[in-house]
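*Asks:* Structure in structure tokens, see below.
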Amino acid sequence: MSFLLIGGSGQWAGCVSGEWVGSAWSGVRGPEPVSTDPGTSNMMSKLTQLTSMVSSLEEKVKTVLMEGSAVKHRRSLIPPIIFEVKADSLGIFQKTHLKVDVETGKLVIKKSKDGPDDKCYPSKKILQLIKSQKLPNKLVIVLETEKEKTLRKEYLFADSKKREGFCQLLQQMKNKHSDQLEPDMLTIFTGSWNMGDAPPPKDITSWFLCKGQGKTRDETTDYIDHDIYVIGTQEDPLNEKEWVEILLRSLNEITTAEYKLITIQTLWNIRIVVLAKQEHAHRISHICTNSVKTGIANTLGNKGAVGASFMFNGTSFGFINSHLTSGSEKKHRRKQNYFNILRFLILGDKKLVPFNLSHRFTHLFWLGDLNYRIQLANSEAENIVQKIKQQQYQELLAFDQLNMERIESQVFLDFHEEDITFPPTYRFDRGTRERYCYIKQKATGVKYNLPSWCDRVLWKSYPQMHVLCQSYGCTEDITTSDHSPVFATFQVGVTSQFVSKNNPGDSDEQGHIELLNCKATLYTKSHTKFYIEFYSTCLENMVKSSEADDQDGCNGTLVVKFGTLPKLTPIISDLEYLLDQHLLICIKSSDTDESYGEGCIALRMEDPQQQPFSFNTQLTHHGEGTGCFQGEICLHAPCGKQREKLYDFVKIEKDEAVVQKQLKAQCSQHWEHSFSTDQNVPNQVLANQIKQSPPGTPAGFKVNEQRAKPSSPVQGRGEIPIIPPARISTQKFAPCPNARGPLSTRQQEPFRPLASSDKPEMIDNPLYGPVNTGSNPPPGQNRPHKPPEPAPRKNAAGRQRSMTYSTSEKKPAVHDKAAAKNVLSAMGPINVTRPEVTAPKPRPPLPAKGHGIRDAQNN
């Protein structure tokens with residue numbers, strides 16, 4: 001009887017006929033075993049051969065394991081990364097190095113890159129990172145030293161991009177070594193790409209790595225995987241299975257996490273795909289998808305939108321991918337597309353019936369080919385190409401239709417968009433990104449497609465919610481389509497299923513939410529009674545208030561003062577829980593139960609000890625502003641221990657000058673566009689500005705009537721290669737536009753505004769005057785002067801309620817010139833609708849009448 005045992009230490013041992021023998025795997029034979037069995041030598045020969053084979057196999061396995069471990073380390077582990085910075089020491093900046101080791105959770109400070117470690121701080125000792133607003137490359141690190149003392153260290157990085165990469169790595173380190181079981185922040189990738197009915201190239205990983213132009217990620221953050229990927233495509237020629245396989249394969253090449261398909265929705269060639277880490281699959285619930293057609297007669301799906309929504313623990317997310325009507329002259333139709341999507345795309349909680357998409361989600365992201373163009377004359381094409389080459393994007397963005405519409409609060413009210421620091425994404429020559437092809441030959445004739453930012457990403461979140469856009473740009477190596485893919489990454493705050501740490505017996509009374517001194521300002525002339533409906537995830541059911549009796553209307557604005565509002569009883573009476581909640585309000589008419597405005601109120605406050613705290617929120621209905629709601633809130637709940645959020649680890653230093661400038665700009669924009677269209681209060685400054693600008697030019701934009709330069713030799717193509725812009729956005733931090741690099745010495749002629757020959761879709765605007773090709777129209781085209789009528793506030797799209805009203809006051813008779821003069825003076829001191837013409841020429845004298853004619857007239 002014989003058998004063989006192989007040990008893990010590279011030895012073998014066998015028992016042959018009751019005697020133990022052994023040998024090493026190294027191939028060196030040991031002493032011959034002593035045995036009386038004649039077959040022992042034959043067996044030992046076979047064991048030697050087996051030993052040699054196992055030894056060879058062992059060497060191969062070792063090699064594979066060593067190579068595999070290196071690959072695994074590169075892909076699954078974030079290697080230590082060293083940043084070269086300048087440290088502030090008594091006002092003198094000295095060169096030093098910061099080593100971030102995410103896996104071990106340590107921050108090492110060392111003088112030289114290869115030298116010994118001077119100081120080492122574990123992740124728990126790193127209390128906070130504070131970004132400077134004045135200096136985009138300055139960072140303050142707050143550290144905990146011995147005896148619970150804090151130490152502030154100031155560092156200057158090479159640029160803001162390096163500083164952002166350092167902050168993201170330290171944020172990742174804090175998240176990785178946190179004791180929390182549930183995350184309170186996520187990173188989300190959103191991407192939009194009009195594929196142009198062409199299959200994608202083999203490699204599209206640069207899109208998901210945010211490599212290209214604009215605000216891109218630093219290479220040190222390539223190891224950080226996003227929690228959720230949302231990809232929206234238009235004119236997608238692939239089927240759903242093929243596209244999902246390409247996406248998963250691409251993510252597998254650049255990430256280590258396993259991703260799962262959460263949902264997918266397709267409308268013709270418009271598609272949205274949501275992928276999430278496998279570890280988050282059990283946290284995602286209430287998945288919903290829907291689509292809306294906005295093509296011809298709203299029945300064709302070549303244009304429209306697809307959407308997806310879900311709950312991540314206690315936070316609701318909504319994503320919309322839309323492809324709006326194309327054409328520079330179809331701005332009004334794109335606006336109608338937006339309102340139709342906002343009203344008829346059904347996503348989210350079905351209980352929130354009075355609210356549209358803009359109020360249904362904690363975080364809402366809207367991406368896609370929105371097709372808004374640069375509103376300039378076709379003859380400006382080459383001038384636009386030159387501006388793009390010189391990276392003078394801000395001059396072109398002043399004529400971007402989406403920006404102009406948003407400034408006037410026409411579309412995407414309360415949405416946000418990161419600063420654009422990348423070139424227009426449409427319309428390129430396929431196969432290259434060095435030429436724009438802005439002339440398109442169609443059956444109906446020649447069509448101009450000026451280079452424009454058609455592909456966009458916007459977002460809207462509940463007030464006081466954490467959301468940070470970390471990148472926004474476009475790729476430059478994916479050239480199969482005439483559009484470039486656009487990417488945007490976000491860091492957002494989320495809430496988990498709350499478990500109170502307080503003892504139920506600590507408080508004798510149930511907590512409640514109390515609203516005080518509330519009043520609503522509504523843009524309406526109706527004098528019906530109003531009441532409020534309250535919705536929230538912290539309330540068991542909807543709560544309805546009583547009717548308000550105190551109201552006063554003046555000049556198309558109604559102020560409704562609500563007396564005692566009902567106390568709202570939350571399902572959990574814990575202050576930490578309530579500070580993460582929001583109240584949705586809906587102000588309705590008692591006569592028709594129709595909504596006159598919806599809004600959202602955050603319960604979070606800076607100091608919970610100082611109550612009540614005031615609030616002021618804007619009211620909207622069907623995407624249009626309808627007023628505001630203000631008052632005070634008092635939270636009656638036991639104060640437990642407040643847990644610090646992980647996303648509060650990185651703060652932005654408050655610079656008073658910057659804050660005051662931002663507040664001034666926001667207030668100016670809000671009041672100007674909230675009331676300018678509601679009240680006839682033109683002033684002399686606005687009138688002078690309008691007189692100095694050509695008709696059809698928005699207020700605030702100055703242009704010149706000079707003709708553009710001749711086009712390039714190749715018609716319809718900008719032949720000058722586009723210089724890639726810097727990979728970090730300096731727009732936010734640059735003190736003035738002159739901070740950019742030196743421009744070309746070639747003198748650029750100013751833009752020429754859009755002429756009537758381009759056939760824009762525009763109507764006469766009482767603020768800007770009639771649409772004419774020049775400031776002096778021919779006399780034959782002059783319109784008879786009519787006194788302006790006070791324009792009522794525009795109704796929301798599809799609203800059945802009329803904003804007008806009838807009156808029993810008698811209008812002055814035609815012959816009553818004095819009364820008519822008073823009416824005209826009450827309408828406004830300045831009439832800006834009168835065409836600007838030169839002084840009228842004296843008319844020729846009328847022929848003298850004969851005596852017979854005059855006698856007949858007298859009789």
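The values are calculated or read from the model by the stated rules, or taken from the named source; none is laboratory data. As the structure is a computational prediction, the values presented were derived from the model and not from experiment. Cβ coordinates were reconstructed from backbone atoms using ideal geometry, including for glycine residues, and neighbour counts include every protein chain displayed.
*Asks:* Of (1) crowded, with 16+ Cβ neighbours inside 10 Å; (2) closer than 30 Å to Glu164 by Cα; (3) of a type in the set (Asp, Glu), Glu235 satisfies all except one. Which?
*Replies:* (2)
*Asks:* Looking at (1) surrounded by fewer than 20 Cβ atoms within 10 Å (Cβ to Cβ); (2) over 23 Å from Ser481 (Cβ atoms), which is the one condition that is false for Cys437?
*Replies:* Tallying (1) surrounded by fewer than 20 Cβ atoms within 10 Å (Cβ to Cβ); (2) over 23 Å from Ser481 (Cβ atoms), Cys437 fails exactly one: (2).
*Asks:* What number of residues within the stretch 279-301 satisfy the criterion of being out of contact with any helix residue (DSSP H, G or I) (no Cβ under 8 Å at 6 or more places or on another chain), polar (S, T, N, Q) and at pLDDT below 95?
*Replies:* Looking only at that region, the number is 1.
*Asks:* Has the stretch 183-192 got any residue that is of a type in the set (Phe, Trp, Tyr), more than 24 Å from Ala276 (Cβ to Cβ) and at pLDDT 90 or above?
*Replies:* no
*Asks:* On the given criteria, is Arg74 assigned to a helix (DSSP H, G or I), farther than 30 Å from Lys138 by Cβ, of a type in the set (D, E, K, R) and modelled with pLDDT under 80?
*Replies:* When the stated conditions are applied, Arg74 passes them.
*Asks:* Let me ask you something else. Across the stretch 278-308, which residue is farthest from the chain's Cα centre (by Cα) among those that are crowded, with 20+ Cβ neighbours inside 10 Å and under 23 Å from Asp225 (Cβ atoms)?
*Replies:* Arg283
The rows are residues; the columns are (1) closer than 16 Å to Leu352 by Cβ; (2) in contact (Cβ under 8 Å) with a residue 24 or more places away in the chain.
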position	(1), (2)
Asp574	no, yes
Asp580	no, yes
Cys600	yes, yes
Asp607	no, no
Gln610	no, no
His622	yes, yes
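*Asks:* Let me ask something else. Given the conditions (1) surrounded by fewer than 19 Cβ atoms within 10 Å (Cβ to Cβ); (2) modelled with pLDDT under 95, and given that Gly196 satisfies all but one, which numbered condition is not satisfied?
*Replies:* (2)
*Asks:* Same structure, new question: Out of Asp114, Asp88, which single residue is assigned to a strand (DSSP E or B) and either acidic (Asp, Glu) or at pLDDT below 95 (or both)?
*Replies:* Asp88
*Asks:* Can you work out which of the residues in the stretch 199-232 that are charged (D, E, K, R) and within 23 Å of Asn269 (Cβ to Cβ) is surrounded by the fewest Cβ atoms within 10 Å (Cβ to Cβ)?
*Replies:* Restricting to residues being charged (D, E, K, R) and within 23 Å of Asn269 (Cβ to Cβ), the top hit is Lys202.
*Asks:* Being touching a helix residue (DSSP H, G or I) at 6+ places or on another chain (Cβ under 6 Å) and farther than 23 Å from Thr432 by Cα is true for just one of Thr263, Thr205, Thr190, Thr221. Which residue is that? Walk me through it before giving the result.
*Replies:* Values: Thr263 fails: touching a helix residue (DSSP H, G or I) at 6+ places or on another chain (Cβ under 6 Å); Thr205 fails: farther than 23 Å from Thr432 by Cα; Thr190 fails: touching a helix residue (DSSP H, G or I) at 6+ places or on another chain (Cβ under 6 Å).
So the residue among Thr263, Thr205, Thr190, Thr221 that is touching a helix residue (DSSP H, G or I) at 6+ places or on another chain (Cβ under 6 Å) and farther than 23 Å from Thr432 by Cα is Thr221.
*Asks:* A further question on this structure: Residues in the stretch 320-337: is at least one assigned to a loop (DSSP other than H, G, I, E, B), of a type in the set (Gly, Ala, Ser) and closer than 30 Å to His280 by Cβ?
*Replies:* no
*Asks:* Next up: Taking the stretch 397-434 only, how many residues are more than 16 Å from Pro485 (Cβ to Cβ) and of a type in the set (Phe, Trp, Tyr)?
*Replies:* Qualifying residue count, the stretch 397-434: 3.
*Asks:* Are there any pairs with C-beta distances below 6 angstrom linking a residue in the stretch 474-485 that is not assigned by TED's automatic domain parsing to the domain that holds Tyr438 to a residue that is part of a loop (DSSP other than H, G, I, E, B) and among the polar types (S, T, N, Q), with the two at least 6 apart or on different chains, and if so which?
*Replies:* none
*Asks:* Any chance the stretch 128-142 includes a residue that's closer than 21 Å to Lys176 by Cα, of a type in the set (D, E, K, R) and either at pLDDT 90 or above or surrounded by fewer than 16 Cβ atoms within 10 Å (Cβ to Cβ) (or both)?
*Replies:* So far as the stretch 128-142 goes, no, none of its residues is closer than 21 Å to Lys176 by Cα, of a type in the set (D, E, K, R) and either at pLDDT 90 or above or surrounded by fewer than 16 Cβ atoms within 10 Å (Cβ to Cβ) (or both).
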